[in-house]
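Taking it in order: structure first as structure tokens, then the write-up.
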Amino acid sequence: MHSPEVMTPSSADIILDKINVADIDLWDSQRFWPFFERLRRDDPVHYCADSAYGPYWSITSYEDILAIEANHRVFSSASKHGGVIIHDDLTMTFGNYVLEGIITMDPPRHQEQRAAVSGIVARPNLAHFETIIRERTARVFNNLPIDQTFDWVEMISVELTTQMLATLLDFPFEDRHMLTRWSNIATTEPGQGIIISQEQRIKEFKECLFYFTKLWRERKQKTDGFDLVSMLSQNPATAKMNPMNFLGNVLVLIVGGNDTTRNSMTGSLVAFQKFPEELEKLKKNPALLDNAVSEIIRWQTPIAHMRRTALEDFELRGKKIRKGDKVVMWYVSGNRDETIFKNADVFDIERENARRHLAFGFGIHRCMGRGLAELQLKIFLTELLKYIDRVEIMHEPDAQCQISCTDIQACLCG
Ligand code: HEM
């Protein structure tokens, strides 16, 4: 959890030149906030010459993050240049192919492949999903043990989001735990919990590819399927993808549809424990639900960073970013930028501009599933209000994820 009271040292004591916000110890011990505060104030475009991930720039202010996101011609997301996480993606090559999905592509392929799948989360389909989500969410809450401690992450956050993902992919429901497993592998560094080596990671990804290739072959035959695998197998832009492109897209959809929303569901509980008056407010006034969803996502910021690689020299706030440099946009910091969000550390469901948060990114890669995520969270909160008067978290979530994850704050998932 991100408790300001356990933060040491204060931001004023931190030596600017030595700041490496990608230092995993800062995340494990939840001490990163004052470092970001110092960077936003005194060096918003900060160069770290030496880190476990090599040299990199940290972009920490709200406006600068928008500027980098909007400039996809200079700042590339492509796998071949390093991808979107601070840890270079290039290690994920299989034979001659680089693992790449829509999130790790630049135009024009990015738009072509995104358009192949984005229809699934278009407004009319969200209306269709709403009934299913409501039924399932109610059932999950209904089955919770009464007067007993239980694992919120497993029984609610993981269960609800995995069920949703299985629906989007029309994935065999009884095997849905495999989606959670592949998502966890995609966001964890070998040796840090669920997998012990890169070899194991590659082996399990091959199993994922094998499983989905079978689904792909089946779906290619039938033309009436409305699910992500059918869409990928039938759209001309994706029908002839190489296997690593297929796997890359499967993984971005699995991680996107699973990890992030689930972290918000867990994060909301943390928020309500720390700010119990907000739970009271919401109970009294359900009209605040939509804004509460945005505020949860802002306050928790499920994806802490995205990375880009400069394709040419670029000057920002007088700093010279060189061609080939790694540029990390820290959403977690942008969402606490006091010039945009007053009292940014406070969780306030009435915050006027909560919706301006950066947690979904910005520009051409802005989260494709954001409407669905908001819908899921709104229904989740509606059910939560029926069952919960007071939140008491019995055990701090264990830090499991690593800085190279796309979602550092998945550490909430324990
Ligand atoms: C609270 C929940 C979520 C958060 C915070 C979140 C956040 C993000 C972020 C930060 C990006 C990258 C944006 C950028 O690079 O500018 C992204 C991309 C993406 N997200 Fe989400 N996401 C969430 C839920 C979902 C869901 C439910 C789906 C399910 C379909 C999804 C699918 C995607 C896809 C496919 C992309 C790649 C888009 C592209 O590259 O064009 N996300 N998301």
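Taken together, the values in this text are just the output of simple stated rules run on the coordinates, not laboratory data. All values reported here derive from a predicted model rather than from experimental measurement. Every residue, glycine among them, receives a Cβ derived from its backbone with ideal geometry; neighbour counts consider all protein chains shown.
Remark: region 37-52, residue by residue, has Karplus-estimated 3J(HN,Hα) of 4, 5, 5, 4, 6, 10, 7, x, 10, 10, 9, 10, 7, 9, 8, 4 Hz, where x stands for each Gly or Pro and the curve is 6.51 cos²θ - 1.76 cosθ + 1.60 at θ = phi - 60°.
Ellipsoid fit via the Cα gyration tensor, region 31-90: semi-axes of 21, 16, 9 Å, each the root of five times an eigenvalue, largest first. Ranking of Phe275, Phe210, Phe75 by neighbouring Cβ atoms within 10 Å, starting from the fewest: Phe210, Phe275, Phe75.
Here, P(r) means the percent of Cα pairs in each 10 Å bin from 0 to the largest distance; for region 151-255 it is 14, 45, 31, 9, 0. The amide H of Met306, built 1.01 Å from its N in the peptide plane, has Met329, Tyr331 as neighbours under 5 Å, considering only residues 5 or more places off or on other chains. Among Met155, Met241, the order by Cβ neighbours within 10 angstrom, fewest to most, reads Met155, Met241.
Which log10 I(q)/I(0) values, to two decimals, does the chain give at q = 0.06, 0.10 Å⁻¹ under the Debye formula with one point per Cα? Debye intensities relative to I(0), on a log10 scale: -0.23, -0.66.
Its Cα gyration tensor gives region 209-277 an equivalent ellipsoid. The semi-axes, each the square root of 5 times an eigenvalue, are 36, 12, 9 Å from largest down.
Taking every alpha-carbon pair within region 67-221, the share separated by more than 27 Å comes to 40 percent. The equivalent ellipsoid that matches the C-alpha gyration tensor of region 252-404 spans semi-axes of 31, 17, 15 angstrom, in descending order.
Given a Förster distance of 60 Å, report the FRET efficiency between Glu207 and Ala12 from their Cβ-Cβ distance, rounded to the nearest 0.05. For Glu207 and Ala12, the calculated efficiency is 0.75. Looking only at the chain, where both bridge partners belong to it, what percent of the DSSP beta bridges are antiparallel (to the nearest 5)? About 85 percent, rounded to the nearest 5.
Estimated purely from DSSP H runs of n ≥ 4, each contributing -39500 (n - 2.57), the mean residue ellipticity at 222 nm for the chain is -13500 deg cm²/dmol once divided by its residues. Computed across region 29-130, the Kirkwood hydrodynamic radius from all distinct Cα-Cα pairs reaches 16.5 Å.
Computed extension gain for Asp42 through Asp170, at 0.36 nm per residue and net of the alpha carbon distance, reaches 41.2 nm.
In plain terms, the residue of Ser183, Ser61 with the fewest other Cβ atoms within 10 Å comes first and the most crowded comes last, giving Ser61, Ser183. Taking 0.36 nm per residue of separation and subtracting the current Cα-Cα distance, fully stretching the chain between Asn71 and Glu130 would add 17.7 nm.
Dividing the Cα radius of gyration of region 291-375 by its Kirkwood radius returns 1.04 for Rg/Rh. Taking amide H atoms as placed 1.01 Å from N in the peptide plane, the amide H of Phe32 has no partner under 5 Å among residues 5 or more positions away or on other chains.
Taking 7 Å steps out from each Cα toward its Cβ at Tyr387 and Arg217 produces label points 4.1 nm apart. For the chain, modelled as a GNM with alpha-carbon contacts under 10 angstrom, which of Ile364, Ile388, Ile194 fluctuates the most? So, out of Ile364, Ile388, Ile194, the one fluctuating most is Ile388. Working note: Karplus 6.51/-1.76/1.60 with θ = phi - 60° gives region 57-66 the couplings 9, 10, 9, 10, 8, 3, 5, 5, 4, 4 Hz, where Gly and Pro are set to x. Given their separation in residues at 0.36 nm each and the Cα-Cα distance between them, Ala49 and Ile196 gain 50.0 nm when the chain is fully extended.
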